Structures are given as structure tokens and as C-alpha cells.
1. Diagonalise the Cα gyration tensor of segment 3-91 and give the resulting equivalent ellipsoid semi-axes, square root of 5 times each eigenvalue, largest first, whole Å.
2. Tell me, what is the FRET efficiency for Ala88 and Asp52 to the nearest 0.05, using R0 = 25 angstrom and their Cβ-Cβ distance as r?
3. Can you classify segment 7-57 as rounded, prolate or oblate using the Cα gyration tensor, where a ≥ b ≥ c are the square roots of its eigenvalues, rounded means a/c under 1.5, and otherwise it's prolate if a/b beats b/c and oblate if not?
Amino acid sequence: MSPDGLAASALDRYVALALGPLAGRAGATVEETATLLGLGRSAAYEAARRGDLPVIRIGHRSIVAVPALVALLLGLPRTPAALDEILAAITNSDTSEMP
């Protein structure tokens with residue numbers, strides 16, 4: 001397997017294990033993200049307000065961009081190419097192996 005293939009495989013596995021119910025989704029609520037990260041609801045909304053969580057505002061709703069969240073958690077740049085690769089891993093991840 002090529003290094004790129006190994007990286008993609010590792011990313012797929014990380015997404016399946018770390019994101020759980022958010023795997024396969026491009027967006028999540030702030031509350032879902034708070035649960036995933038072990039934050040309280042208020043702390044998550046405060047992080048979103050400060051710009052610490054990658055949110056997209058639609059009207060009065062704040063949606064966390066899951067590919068940008070994965071990039072943030074992995075310390076990856078949020079470039080279009082990186083986000084495209086993460087989105088591919090999110091939508092292709094197989095969660096059937098999860099405990």
C-alpha cells in the first residue's frame with residue numbers, strides 16, 4: 001500500500017472511531033459536537049461564538065462543519081484539498097466495525 005493509501009486508510013479508521021454517529025455527515029449541531037467532545041452545551045456554544053469550533057451560521061442556527069472539525073482535531077490545515085479528503089473519508093467510513 002502506498003503512503004497516501006496508508007494515510008487515507010488511517011483517516012478512514014479515525015473518522016469511524018472518533019466521530020461515531022457523526023461519521024457520514026457533513027454537518028452536526030453544536031449539541032451533538034459538545035457530546036462528542038465531552039463539553040457542556042454552554043461551553044460548546046461559547047466555543048462556537050469565539051470561533052474555536054468551525055461553525056456555519058444559517059439564520060439563527062449554528063451548524064458545525066464536520067470535515068473542519070476533523071481537521072481541527074487532527075491539527076490539519078483547513079485547506080480545500082484537506083477538507084475534500086476528510087469529507088471523502090467521512091462519507092466512505094464503515095461504522096459496522098465499531099463496538
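Throughout, read-outs are computed from the coordinates displayed, never taken from laboratory work. Bear in mind the structure is a predicted one, so any value in this text is a computation, not a measurement. Cβ: placed from backbone, ideal geometry, glycine included. Neighbour counts: every protein chain shown.
1. Ellipsoid half-lengths, sorted descending, are 23, 13, 11 Å.
2. 0.50
3. Judged from the Cα gyration tensor, segment 7-57 comes out prolate (a/c at least 1.5, a/b above b/c).
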